[in-house]
């Protein structure tokens, strides 16, 4: 037995030694003699594959010329991991974050400013649609560039509209077009609500909580804002916002809180064939341009209503739309002069503070922002383009036949990005809590918003006090030197 | 004191001395033994089941893991899962294994070397203040890691900025401190060194040997079993360490197995349980094998820590 | 130093020389970080910007922080479940494993093995075992006609699930108890038998008192360990559902490495240290009344 034992020990020791000496080393597949740019990105699955295509294109062309190799890495919780790595002094060269991190990270000194690099590559204010350019800046410094943008619009089920033509007409509504004002939306929604034999809701014309991803931005369609950038103060309990959330709450009141909750709990997940919009449980929804891709994957029949997909190639957009059971229109606004209002969230590329290869990293970021590359990426991801100039080809061949609606919305003066406040994570959490309480009928909008205003103002004042104390110290230190 | 091999087959001395036992006593004893056996068997099965379930799942296909009601025997059995795990793009198993081994090796060398030296000082050199310093040593074992976690992170960052040596972004924060002794192992070795008779050291001293010489030539060779315990425990500790790598390893290419295993855990549902279990088995295997090779040493070491 | 005779002085030098690795390490990796951590607890510090002294603000904020209290409550709730259960189970198992029957070597091995399993692997395994629909536990419960709860997906059962899981790893403690049991002098048992003392009474009056130093040691170790629980819930539940399994150290970690509020996290760490010292102190004080040391 002793011999067996010693043999096993020897075998393991050999294995361990073998792994140590000959084992996989980090970066084994990297090419030598080039600058390796590490790129941490949030995307997985299809979206990751699509971005990796762009990365490969870069490595084979501009990268090869300039001796740069970009290494793409999918990271979960990319924003938190980037922040800690930056704090540790070993950040990636490029991080693919969300627009919500721009103000937050910039304010705590976690990003490299990009103004010089951008202008050196000919990227300036006129290059982007205004709403995106503004949101890439914080306190007049450029901190990020867009990787893929988005805008939000009204998606509606044309087929159900047609099927419910009589009901709609009886309510004085036109089944051949989407609602154009918010008041009309409410009437369409009510007419399209359907009850089952047991008196329970079977179908909702519209439900703000479904999918409810943009509830915190509802004020955009009421001419309101949560944060006043000029005055640098919160305006949570402004009348426009109260109106906005009273409107959200009206849907719970209309359906009854318990039946609404029960109705929602039975709904399928977003990324499944039981997606409520796809199965018709909900007739109208607020969504983004990527929806076309998801519908194509999960409920392909909805996008092949009249003829096979291949025939769409080369068709005019108006003709293509006959093939779709669903359509897109601007989400109606309740504010005067507030047409074509939309919320524009987007994905960004940033260079964390202390990145080892700033200039090389920006070469890739600039490449992604080249018109042809950006249009390729946005087409693959099924999103609109952030650039001011858009090619006709992009509009014609885009997988989403309604992309021009999104383009128009993204260029509209009423397009609004996420409020540029550095404590956004706390704002988001507070607002989500409050909004949930409002639509679960646990609190009245005005009172609840007032509370949030008080709480967030306190947090904001604290944050600003610390920041200015820091600036004071830094100035004093600078003065002494 | 070898705990695993000692079989207590003796009856209490008093009963033996009392002569032939009555039948009722015999049967009562038998029942007691039977009950104990049953109890232990039940408990042992309970302790073993998770392992068996883990192996069973690791050999299933993904849809079979989702089958309801769950079955125990995988059908079909897919040992390929293990190959898939080793080649998985999600978790670079070979790389993480190598990383873990490097850290483990360095930590073991550092711990054994430094802890033995310090333990000798505590055990064999009489000097003023020794008691105080030893109490200090023991008290450091009570300091929770979080207290030093944040400031160590900050110190390592400062060192990286102000010296030519980078700390964060390398393995150093994990193994360098091992070269400065670990309280637990110093304590263990000190207890052991105390059992080495003074006469040996005295004899060597008379021959003109320095303390360092005594340490190197007499105490160390006699301490191989204890040093093995230290090496074993250190290996276990490193292989198992999660919080340390989580805090100090920022770049994915440096991850250890403990960190990397998490990659199979999906945030949004759709965890590939069969692969996750296979990967877990691979991570557990070296530890189990090590245990069976060095049972006595393990048990000895743990028993010693409990005493005194 | 001036008053010491030559030999003493030499010994001091030698002693310190041997201790030097630890002394240096103590200064750099223990004393300095502990001191720095106290300073940070009085600052607002994100590592991306220099620390800013704010006095006791962090501590004040912690007292008013509902999440802090929830995390503290969770940790104590877990300790209340896991500590007594763990002590009873490990002691009971040790007694069983000490019985004079055959096959003890195998039983002892089986019970010890799980305590060796790396934390991550253990967490993944039990995550799978506790799966409400497909997990082994609910399946087995189903066999006896009980519908198992949602375990880690429900706020009520998540913490008990973690406490239950901790029992799988008692092997380590059992071994220490076994060693202690074998140290109990045979004469004491014999004397008790002669006096006609029954098994239960033998347990209470001979075994337990003799074991009390070991019990005490395990108790102190368990207190220190339980209050620092992190990896298992971090991996298994991330603190959910609805913060039901959000442990103290997890909130500390989040403050430090998710929100980059290093000062706040340091304050939490000091409070944790204080609690541990308090509880250990209580254990030591109470030990005078129930721990009997054999005449060593």
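Return the only residue of C:295, C:225, C:238 being outside the structural domain of residue C:153 (by TED's automatic domain parsing), modelled with pLDDT under 90 and either under 15 Å from the mean Cα position of the chain (by Cα) or not in a helix (DSSP H, G or I) (or both). If you could, list the steps in order and put the result at the bottom.
Working: C:225 fails: outside the structural domain of residue C:153 (by TED's automatic domain parsing); C:238 fails: outside the structural domain of residue C:153 (by TED's automatic domain parsing).
After applying the criteria, what remains is C:295.
Go through segment B:159-253 and tell me which helices (runs of 4 or more DSSP H), entirely inside it, have 1 or more residues that are facing another protein chain (nearest Cβ under 9 Å) and touching a residue at least 40 places away in the same chain (Cβ under 8 Å). Please lay out each step first, then the result.
On the way: elements: B:172-175, B:183-194, B:198-206, B:211-214, B:224-240, B:243-248.
Qualifying helices (runs of 4 or more DSSP H): B:183-194, B:211-214, B:224-240, B:243-248.
Name the one entry in A:451, A:429, A:458 that is surrounded by fewer than 19 Cβ atoms within 10 Å (Cβ to Cβ), more than 14 Å from chain C (Cβ to nearest Cβ) and in a helix (DSSP H, G or I).
Values: A:429 fails: more than 14 Å from chain C (Cβ to nearest Cβ); A:458 fails: more than 14 Å from chain C (Cβ to nearest Cβ).
The conditions single out A:451.
Which residues, taken from segment B:126-136, are facing another protein chain (nearest Cβ under 7 Å) and assigned to a helix (DSSP H, G or I)? Let's see the steps before the verdict.
Narrowing segment B:126-136 to residues facing another protein chain (nearest Cβ under 7 Å): B:126-128, B:130, B:133.
Within segment B:126-136, B:130, B:133 meet the criteria.
Just give me the residues in segment C:29-53 being part of a helix (DSSP H, G or I), buried (at least 16 other Cβ atoms within 10 Å of the Cβ) and within 8 Å of chain B (Cβ to nearest Cβ), in sequence order. Show your work before the answer.
In the first step, residues of segment C:29-53 are kept if they are part of a helix (DSSP H, G or I); the result is C:29-41.
Those still in the list that are buried (at least 16 other Cβ atoms within 10 Å of the Cβ) too: C:29-30, C:33-34, C:36-38, C:40-41.
Within segment C:29-53, C:29, C:30, C:33, C:34, C:36, C:37, C:40 meet the criteria.
Which condition number in (1) modelled with pLDDT under 90; (2) more than 24 Å from the chain's Cα centre (by Cα); (3) within 10 Å of chain C (Cβ to nearest Cβ) is the one that residue B:139 fails?
That leaves (2) as the condition not met.
Of these, B:165, B:196, which one is at pLDDT below 90, more than 21 Å from residue A:85 (Cα to Cα) and surrounded by fewer than 19 Cβ atoms within 10 Å (Cβ to Cβ)?
Every option except B:196 fails the conditions.
With the requirement that a residue be closer than 27 Å to residue A:354 by Cβ and surrounded by 19 or more Cβ atoms within 10 Å (Cβ to Cβ), what does segment A:47-63 give you? Show your work before the answer.
First pass over segment A:47-63, keeping only residues closer than 27 Å to residue A:354 by Cβ: A:48, A:51-52, A:54-55, A:58-59, A:62-63.
Answer for segment A:47-63, where residues must be closer than 27 Å to residue A:354 by Cβ and surrounded by 19 or more Cβ atoms within 10 Å (Cβ to Cβ): A:51, A:54, A:55, A:58, A:59, A:63.
With respect to residue B:245, is the statement that it is more than 13 Å from the chain's Cα centre (by Cα) and surrounded by fewer than 21 Cβ atoms within 10 Å (Cβ to Cβ) true? Can you show your working first?
Values: more than 13 Å from the chain's Cα centre (by Cα): yes; surrounded by fewer than 21 Cβ atoms within 10 Å (Cβ to Cβ): no.
Against the criterion (more than 13 Å from the chain's Cα centre (by Cα) and surrounded by fewer than 21 Cβ atoms within 10 Å (Cβ to Cβ)), residue B:245 does not qualify.
Condition check ((1) modelled with pLDDT of 95 or more; (2) crowded, with 20+ Cβ neighbours inside 10 Å; (3) more than 11 Å from chain B (Cβ to nearest Cβ)) across all residues:
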| position | (1), (2), (3) |
| --- | --- |
| A:11 | no, no, no |
| A:45 | no, no, no |
| A:65 | no, no, yes |
| A:94 | yes, yes, yes |
| A:114 | yes, yes, yes |
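Checking the conditions here, which among A:465, A:469, A:454 is in contact with a strand residue (DSSP E or B) (Cβ under 8 Å, 6 or more places away or on another chain) and either modelled with pLDDT under 95 or outside the structural domain of residue A:104 (by TED's automatic domain parsing) (or both)?
So the residue among A:465, A:469, A:454 that is in contact with a strand residue (DSSP E or B) (Cβ under 8 Å, 6 or more places away or on another chain) and either modelled with pLDDT under 95 or outside the structural domain of residue A:104 (by TED's automatic domain parsing) (or both) is A:469.
Residues that are more than 18 Å from the chain's Cα centre (by Cα) and closer than 23 Å to residue A:464 by Cβ, at least 1 per element: which helices (runs of 4 or more DSSP H) completely within segment A:46-108 meet that?
Details: elements: A:62-66, A:78-88, A:100-107.
Correct list: A:78-88, A:100-107.
Kindly evaluate residue B:48 against the criterion of being over 19 Å from residue C:198 (Cα atoms), at pLDDT 85 or above and either surrounded by fewer than 13 Cβ atoms within 10 Å (Cβ to Cβ) or assigned by TED's automatic domain parsing to the domain that holds residue B:195 (or both). Please lay out each step first, then the result.
On the way: over 19 Å from residue C:198 (Cα atoms): yes; at pLDDT 85 or above: yes; either surrounded by fewer than 13 Cβ atoms within 10 Å (Cβ to Cβ) or assigned by TED's automatic domain parsing to the domain that holds residue B:195 (or both): no.
No.
Within segment A:181-289, considering only helices (runs of 4 or more DSSP H) that don't extend past its boundaries, which have at least 3 residues that are surrounded by fewer than 18 Cβ atoms within 10 Å (Cβ to Cβ)?
Values: elements: A:182-192, A:239-255, A:257-265, A:276-279.
Answer list for segment A:181-289: A:182-192, A:239-255, A:257-265.
For segment C:172-186, which positions are at the interface with chain B (Cβ under 8 Å from one of its Cβ atoms) and modelled with pLDDT of 80 or more? Before the answer, list the steps.
Of the residues in segment C:172-186, the ones at the interface with chain B (Cβ under 8 Å from one of its Cβ atoms) are C:172, C:175-180, C:182-183, C:186.
Passing the criteria: C:172, C:175, C:176, C:177, C:178, C:179, C:180, C:182.
Across segment C:111-136, what is the total count of residues that are surrounded by fewer than 18 Cβ atoms within 10 Å (Cβ to Cβ) and within 8 Å of chain B (Cβ to nearest Cβ)?
Number of matching residues: 2.
Could you list all residues from segment B:254-284 that are in a loop (DSSP other than H, G, I, E, B), outside the structural domain of residue B:117 (by TED's automatic domain parsing) and in contact (Cβ under 8 Å) with a residue 60 or more places away in the chain?
Once the filter is applied, which keeps residues that are in a loop (DSSP other than H, G, I, E, B), outside the structural domain of residue B:117 (by TED's automatic domain parsing) and in contact (Cβ under 8 Å) with a residue 60 or more places away in the chain, segment B:254-284 yields only B:272.
Of the numbered conditions (1) touching a residue at least 24 places away in the same chain (Cβ under 8 Å); (2) within 14 Å of chain A (Cβ to nearest Cβ); (3) assigned to a helix (DSSP H, G or I), residue B:292 satisfies every one except a single condition; which is it?
Here residue B:292 meets the rest and fails (1).
State yes or no: is residue B:121 closer than 30 Å to residue C:12 by Cα, in contact with a helix residue (DSSP H, G or I) (Cβ under 6 Å, 6 or more places away or on another chain) and free of Cβ contacts under 8 Å to residues at least 12 places away in the same chain?
Details: closer than 30 Å to residue C:12 by Cα: yes; in contact with a helix residue (DSSP H, G or I) (Cβ under 6 Å, 6 or more places away or on another chain): yes; free of Cβ contacts under 8 Å to residues at least 12 places away in the same chain: yes.
For residue B:121, the condition - closer than 30 Å to residue C:12 by Cα, in contact with a helix residue (DSSP H, G or I) (Cβ under 6 Å, 6 or more places away or on another chain) and free of Cβ contacts under 8 Å to residues at least 12 places away in the same chain - is met.
Take residue A:24 and decide whether it is surrounded by fewer than 20 Cβ atoms within 10 Å (Cβ to Cβ), within 14 Å of chain B (Cβ to nearest Cβ) and closer than 30 Å to residue A:232 by Cβ.
Working: surrounded by fewer than 20 Cβ atoms within 10 Å (Cβ to Cβ): yes; within 14 Å of chain B (Cβ to nearest Cβ): yes; closer than 30 Å to residue A:232 by Cβ: no.
Considered against the rule, which asks whether it is surrounded by fewer than 20 Cβ atoms within 10 Å (Cβ to Cβ), within 14 Å of chain B (Cβ to nearest Cβ) and closer than 30 Å to residue A:232 by Cβ, residue A:24 comes out as no.
The values are calculated or read from the model by the stated rules, or taken from the named source; none is laboratory data. Only a predicted model underlies this, so the values are computations on that prediction, with no experimental measurement involved. All Cβ positions, glycine included, derive from the backbone under ideal geometry; neighbour counts span all protein chains shown.
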